[in-house]
Amino acid sequence: MMTASGTMDGSPLDCYALACQFNFPNIAKLVSKQCLLVDPLKADLGTIFANVAARDIRRLCEMHHARGLAAVSLIESAVDAREFWCDGCSGVASWFEIWRETAYLEVKSKPVANSVFSPSFIAGCLKQAMRKCPTRCVEHYLSPKAQLRFAILQQSIDRLKDSI
């Protein structure tokens, strides 16, 4: 639930459902951003949205889906960037290929940049890439060009529409 101090206590989907049910469109819009952190396919939507109008559910699902598709499109467009080319891999850097494959799945279910750009997520990709390219991939990831391009990609995903 949304508290008087403006913080949210509870599931974002529950808060969104209550805001819609009691006709608080500004709160529903505010909470819809937090709903991006939840995979709607893994949530019990039947129970949560039992008393919510279909149009409100559809708006939330469409926003979630559209942002996921847009994030995937941004990730796909980064593949041709010279900054992701690794001489040790003789092509697109292994760490980026691994990151891209796992990021696709993540942003489709939770279309937010903070998870796929987190240090632990990237470290997992680098660890896997070390098996294919043990010497150059880590250097490539740490290069200023790659870091700049990765930061731009993250900002592009962050700028996508994030509320109903």
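Which residue out of Ala43, Ala28, Ala19 is out of contact with any Phe, Trp or Tyr (no Cβ under 7 Å at 6 or more places or on another chain), among the small types (Gly, Ala, Ser) and at pLDDT 90 or above?
On the way: Ala43 fails: at pLDDT 90 or above; Ala28 fails: out of contact with any Phe, Trp or Tyr (no Cβ under 7 Å at 6 or more places or on another chain).
Of the residues listed, the single one that is out of contact with any Phe, Trp or Tyr (no Cβ under 7 Å at 6 or more places or on another chain), among the small types (Gly, Ala, Ser) and at pLDDT 90 or above is Ala19.
Restricting to region 100-138, count the residues that are open to solvent by less than 50 Å² (accessible area, probe 1.4 Å), within 21 Å of Ser156 (Cα to Cα), not in a helix (DSSP H, G or I) and not small (Gly, Ala, Ser).
Number of matching residues: 3.
Please pick out the residue among Ser77, Ser156, Ser163 that is assigned to a loop (DSSP other than H, G, I, E, B) and either free of Cβ contacts under 8 Å to residues at least 60 places away in the same chain or within 30 Å of Leu13 (Cβ to Cβ) (or both).
Numbers: Ser77 fails: assigned to a loop (DSSP other than H, G, I, E, B); Ser156 fails: assigned to a loop (DSSP other than H, G, I, E, B).
Ser163 is the lone residue from the list that is assigned to a loop (DSSP other than H, G, I, E, B) and either free of Cβ contacts under 8 Å to residues at least 60 places away in the same chain or within 30 Å of Leu13 (Cβ to Cβ) (or both).
Tell me yes or no: at least one residue of region 81-93 is assigned to a helix (DSSP H, G or I), exposed (fewer than 14 other Cβ atoms within 10 Å of the Cβ) and at pLDDT below 90. Break it down into steps so the answer makes sense when it comes.
Within region 81-93, the first condition is being assigned to a helix (DSSP H, G or I), and the residues that meet it are 82-84.
Restricting the remaining residues to those that are exposed (fewer than 14 other Cβ atoms within 10 Å of the Cβ) gives 82.
Within this subset, residues satisfying the condition of being at pLDDT below 90 are 82.
Yes, the conditions are met somewhere in region 81-93.
Could you check region 44-101 and list, in sequence order, the residues that are touching a Cys at 6+ places or on another chain (Cβ under 8 Å) and at positive phi?
Passing the criteria: none in range.
Does at least one position in region 41-51 carry a residue that is farther than 20 Å from Asn26 by Cα, assigned to a helix (DSSP H, G or I) and under 17 Å from the mean Cα position of the chain (by Cα)? If you could, list the steps in order and put the result at the bottom.
The initial filter retains those residues of region 41-51 that are farther than 20 Å from Asn26 by Cα, namely 41-47, 50.
Okay, now just the ones that are also assigned to a helix (DSSP H, G or I), so 41-42, 45-47.
Still in the running and under 17 Å from the mean Cα position of the chain (by Cα): 41-42.
The answer is yes; a qualifying residue exists.
Only one of (1) within 15 Å of the chain's Cα centre (by Cα); (2) under 27 Å from Leu41 (Cβ atoms); (3) not polar (S, T, N, Q) is not met by Cys125, so which one is it?
(1)
The values are calculated or read from the model by the stated rules, or taken from the named source; none is laboratory data. From a predicted model like this one, the values you see are computed outputs, not experimental measurements. Heads up, the Cβs are rebuilt from the backbone with ideal geometry, glycines too, and the neighbour counts pull from every protein chain shown. Only protein heavy atoms, including side chains, enter the accessible area calculation; ligands, DNA and RNA are left aside. Shrake-Rupley method; radii C 1.70, N 1.55, O 1.52, S 1.80 Å.
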